[in-house]
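Encoded as structure tokens, the structure appears first; notes follow it.
Every number in this text was worked out from the coordinates using simple rules, so none of it is lab data. In this text the structure is predicted, and so the values were computed from the model without any measurement. Cβ: placed from backbone, ideal geometry, glycine included. Neighbour counts: every protein chain shown.
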Amino acid sequence: MNIVIVNDDGYDSPLTHLLRKFLIGKGHKVYCFLPDDDCSAYSLHFCKYENAKIREVKENIYVVSASPVICLHTAVTLLNIPIDLLISGINKGLNYGSTILYSATVAAALEAKLYGLNSIAISIDTKIREFDSILFLLDNIFVYMNKHQLLTHALNVNIFKMNSHEKVRIIYENEVVDFNYILPKVELSYDNHGVSSCHIQYNNARGNIYTDNCLMLGVISRNEGFSYDKRCRNWLIGLRKYISIN
């Protein structure tokens, strides 16, 4: 497959380079278009008259001085080849529920649907330290997506801390997460002159879903949002069965 990788953690993200090396080892042609800095929570950010600089730092690895969404547009325009899969990630930190509206990881996967691309956003628990089993799991997902394209929706994958000796529990984001918006927590700091700074923490979605050894699969559409019809559910059921068999 021709695979394009973008992320929001920036060029220095070890998880993105780990994924790239793994995919190349599987025989795929991999192109990375990565922001030159951390762009977490940039969502669909772009500047109307942005003049982004592009540098090819290694073969097929480009650093772009812009947001992940601009990295995606740059990749599609510059490569001028059929793209079989757009991967956004691997993001260090989970992205699910209503707070994915802030996520640049998810935003890039959604933006890819404007080009009709097969796209996936991948986020993992920050506590994860062992990645071999995760890469094997993701490879099965990529193969399934290549065989069965989800035309209107992007796939949102969240991987919680895993124990390789236990069976992975697979849950559906669209069914277990409360998508009602939760206001961020804002903490103000004061000095002798008044308010000096504010710390903003975006809340995770409600729901008792925090568990180890869990793979969360969800679908999201630019036009239909978090809608979850029979077609989408059957697609996820097929993916779940494929993962379980392989």
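Brief remarks on what is shown
- Sorting the Cα pairs of region 2-245 by distance into bins of 5 Å, from 0 upward, gives 1, 6, 14, 18, 20, 17, 11, 7, 3, 2, 1, 0, 0 percent per bin.
- Listed residues 80, 156, 223, most fluctuating in the chain (Gaussian network, C-alpha, under 10 Å): 80
- Calculated [θ] (222 nm, deg cm²/dmol) that DSSP helices of n ≥ 4 give over the chain, each run adding -39,500 (n - 2.57): -8500 deg cm²/dmol
- With both residues required to sit in the chain, DSSP beta bridges show an antiparallel share near 40%.
- Loop-located trypsin sites (Lys or Arg not before Pro) in region 43-99 whose Cβ has at most 11 other Cβ within 10 Å (DSSP): 48, 53
- For 245, 81, 171, order by how many other beta-carbon atoms lie within 10 Å, fewest first: 245, 81, 171
- With a Förster radius of 22 Å applied to the beta-carbon distance between residue 81 and residue 140, the computed FRET efficiency rounds to 0.30.
- For region 3-102, the calculated P(r) over all alpha carbon pairs, in 5 Å bins from 0 to the bin holding the longest distance, is 3, 13, 25, 26, 19, 10, 4, 1 percent.
- Residue with peak Gaussian network fluctuation, the chain [Cα springs, cutoff 10 Å], from 64, 195, 106: 195
- The order of 212, 132, 9, going from fewest to most other C-beta atoms within 10 Å of their C-beta, is 132, 212, 9.
- Ascending count of other beta-carbon atoms within 10 Å, so fewest first, for 39, 71: 39, 71
- Cross-linked pairs 92/185; 26/167; 26/147; 58/127: Cα-Cα separations exceed 28 Å for 58/127.
- Percentage relative contact order, region 2-245, counting C-alpha pairs under 8 Å, at least six apart: 18 percent
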